[in-house]
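Comments concern the structure below.
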Number of protein chains: 2
Amino acid sequence: MIKGKDGSNIPKVVIERLPRYYRYFDRLDGEMEKISSKKLGELMDTSASQVRLDLSYFGDFGQQGYGYNIKKLKRELANILDIETKKNVIIIGAGNIGRALTRFNALKEAGFNLTALFDVKPILIGERLNNVLIRHIDELSSYLESHDISIAVLAVPKAVANKVVKTLIEHGIKGILNFSRTDLDVPKGFPIENIHIMDKILALSFIIRANK
Amino acid sequence: MIKGKDGSNIPKVVIERLPRYYRYFDRLDGEMEKISSKKLGELMDTSASQVRLDLSYFGDFGQQGYGYNIKKLKRELANILDIETKKNVIIIGAGNIGRALTRFNALKEAGFNLTALFDVKPILIGERLNNVLIRHIDELSSYLESHDISIAVLAVPKAVANKVVKTLIEHGIKGILNFSRTDLDVPKGFPIENIHIMDKILALSFIIRANK
DNA sequence: TAGATTGTTAATCGATTAACAATC
DNA sequence: TAGATTGTTAATCGATTAACAATC
C-alpha cells in the first residue's frame, strides 16, 4: 500500500484521480490565480469534500479563507506525478495501437521517453517510426538487460500477451500499460494499468440500449 | 438508473464488468463445459460472491450443484451486450488514434459498424481508410441527420472537443466514447465513456515510483 | 474583525464479501 | 442420497459526504 503525507495509506481510487486534478490545474493556469474546493468540485463534477480529502493525502496545499493557488498546485501535482523526470518506455507491438502511441507526442511532454518498439514481423524490423527503431521481439530480453526501462506498453495480440509479459517481468520491468485484449498474469501487487477499449465501447453500448 | 432482472437497479460498476465476463466465457468456450463461481472467481481474481451477485442482476443463469454452462453463459452475455445487432459508429478525428481505431477490426466482430470518419484537414478529406471515407467535419451535422448513428468516437484535440460534442448532442447522438484529452460537457446522465491514456500512464508511473 | 475556506473527523452511503437455505 | 453450488440476504468493509473547529 502506498503511503501519503503522514504515513496514511492512499486509496487506489485517489491515486487514479491524481492525473485528472493535474489536468484541471493545468487548464486553469493562466485563467485565474486561485480556486476553492467548492468551485473546483463544481467544475470537476464532484464534491468539495472529495477535492479537499484527495489533495490532503499529499500535503497541506490550501489556505483557509483563500483556497488553492493554481500555479502552486500545478507545480505540486507535477512534482507528485514526477513529470519532470525522464522515464524510459518501450512499446511491444507495432500494429495499429502501437504505431498510434509511438506518434502520440503528449507522452514526451509528461516525461515519457520512448526508446524502442518491438514486433515479430520481419518487414517492420529496422524501420523507424517517429524516429524510434523497430526491433525484433527476440531482442527484447537483451535490450531490457542493457537499458533502464520503467514501463512497457503492451499492444500485442492476446494470444502472445502473456508470453511477452513473462519476459518483461523476468527482466525487471517496473510497470505495464496493457492495451492487449486479455488480462495479464502478473504477480500480486505488480503495477499494471489496463486499457480495454472493447470493454468500454461494449459497456457504453449496453447503457445506450438500456436507456431506451 | 438501469434496471435488471426484477426491476432492481444495476450498479454502474457491475455494468462496466460485463464485457470482462464476456471475455472470460468467450475464452473458456471450447476449453470446458461448465464452471463454478468459485473457479471463475479465482480465474478473474475476484470473489465467488461477486461473480454470482453480478450475474444475478441479469438472470438466473446457474444451476445448483453444477455451476454455469459456458456455452449458455457466452450466449446470454452476447445477448445482454447486444453483440448480434449492428450499431452504427462514426469516428471524429483522423489523427493517430482515429486512424488506429479505424483499422481496429475487432469492433466489427462485436457488432460495431464504422460508417464514416471526420476531420478538418483538407488533404485527408476524400481518402479511404480501411474502406471508410474521410469526410469534412462541416458535413457532420447533415450526416447525423441523414444516418442513424448510435456512437461517436471522439479523437480530436482537446481545444475543439466540446465544440464537436455540442454538434453531436444537438443531432441526437446516443453515446460518446471519448479519447480526447479533456472532460466533455454533456447533459447529466448522458452515456459517455472516457479513455484517458495519459491519466492511466501517469497513475502507473506514480505507483511505480511510490513502490520504491 | 467578519467572512471564507481549509484539513480532518464523524456520519452516511454503496459495494463487496460471508453466510446459508434451497435445490440440482 | 450426499455433495456441490446456486441466488439472495445480512454483515462488513471502504469510499464519499457532511459537519465543524481552526485560522487565514
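Would you be able to say whether some residue in the stretch A:81-96 is within 13 Å of DNA strand C (Cβ to nearest atom), at pLDDT 95 or above and of a type in the set (A, V, I, L, M, F, W, C)? No, the conditions are met nowhere in the stretch A:81-96. Which residues, counting only those in the stretch B:56-75, are open to solvent by less than 60 Å² (accessible area, probe 1.4 Å) and either in contact with a Gly (Cβ under 9 Å, 6 or more places away or on another chain) or within 16 Å of DNA strand C (Cβ to nearest atom) (or both)? Of everything in the stretch B:56-75, those that are open to solvent by less than 60 Å² (accessible area, probe 1.4 Å) and either in contact with a Gly (Cβ under 9 Å, 6 or more places away or on another chain) or within 16 Å of DNA strand C (Cβ to nearest atom) (or both) turn out to be B:S56, B:Y57, B:F58, B:G59, B:F61, B:G62, B:G67, B:Y68, B:N69, B:I70, B:L73.
Is the stretch A:60-71 home to any residue that is of a type in the set (D, E, K, R) and away from chain B (no Cβ under 14 Å)? So far as the stretch A:60-71 goes, yes, one or more of its residues are of a type in the set (D, E, K, R) and away from chain B (no Cβ under 14 Å).
Against the conditions (1) away from chain A (no Cβ under 13 Å); (2) open to solvent by 40 Å² or more (accessible area, probe 1.4 Å); (3) away from DNA strand C (no atom under 13 Å from the Cβ), B:L53 satisfies every one except (3). Taking the stated definitions as given, is B:F118 within 11 Å of chain A (Cβ to nearest Cβ) and among the aromatic types (F, W, Y)? No.
Counting only strands (runs of 3 or more DSSP E) that sit wholly inside the stretch A:122-212, those with at least 3 residues that are more than 14 Å from chain B (Cβ to nearest Cβ) and under 29 Å from A:K86 (Cβ atoms) are A:132-136.
Note on the stretch A:27-49: residues that are more than 9 Å from every other protein chain (Cβ to nearest Cβ) and surrounded by 15 or more Cβ atoms within 10 Å (Cβ to Cβ) total 9.
The values are calculated or read from the model by the stated rules, or taken from the named source; none is laboratory data. This structure is a prediction, so every number in the text was calculated from the model and none was measured. So basically every Cβ, Gly included, is an ideal-geometry build from the backbone, and we count neighbours across all protein chains shown. The accessibility values were calculated without ligands, DNA or RNA, using every heavy atom of the protein model including side chains. Shrake-Rupley method; radii C 1.70, N 1.55, O 1.52, S 1.80 Å.
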